[in-house]
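Below: one structure, written as structure tokens.
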């Protein structure tokens, strides 16, 4: 469980860094609040997707 959380947090951080770079370089006309909302939204969405994709395997019966 702990390893799963660490993996999800790492993915969220990487997505936030990539989103920050993309928003800063390509969409400089956006205000600071909109940039922050896009970055946080992307990081949260990637975390939720990762949460469902990296589910632990259930033992077969």
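The values are calculated or read from the model by the stated rules, or taken from the named source; none is laboratory data. The model shown is predicted, which means the values in this text are computed figures rather than measured ones. With ideal geometry, Cβ positions are generated from the backbone for all residues, glycine too; neighbour counts draw on all protein chains shown.
Brief remarks on what is shown
- Pairs linking a residue in region 45-61 that is surrounded by fewer than 10 Cβ atoms within 10 Å (Cβ to Cβ) to a residue that is outside any loop (DSSP other than H, G, I, E, B), with Cβ atoms under 9 Å and 6 or more positions apart or on different chains, are 55/4; 56/4.
- Scanning region 18-36 for residues that are assigned to a helix (DSSP H, G or I) and either surrounded by fewer than 12 Cβ atoms within 10 Å (Cβ to Cβ) or touching a strand residue (DSSP E or B) at 6+ places or on another chain (Cβ under 8 Å) (or both) returns 21, 25, 26, 32, 33.
- Yes/no for residue 43 being in contact with a helix residue (DSSP H, G or I) (Cβ under 6 Å, 6 or more places away or on another chain), modelled with pLDDT of 90 or more and assigned to a helix (DSSP H, G or I): yes
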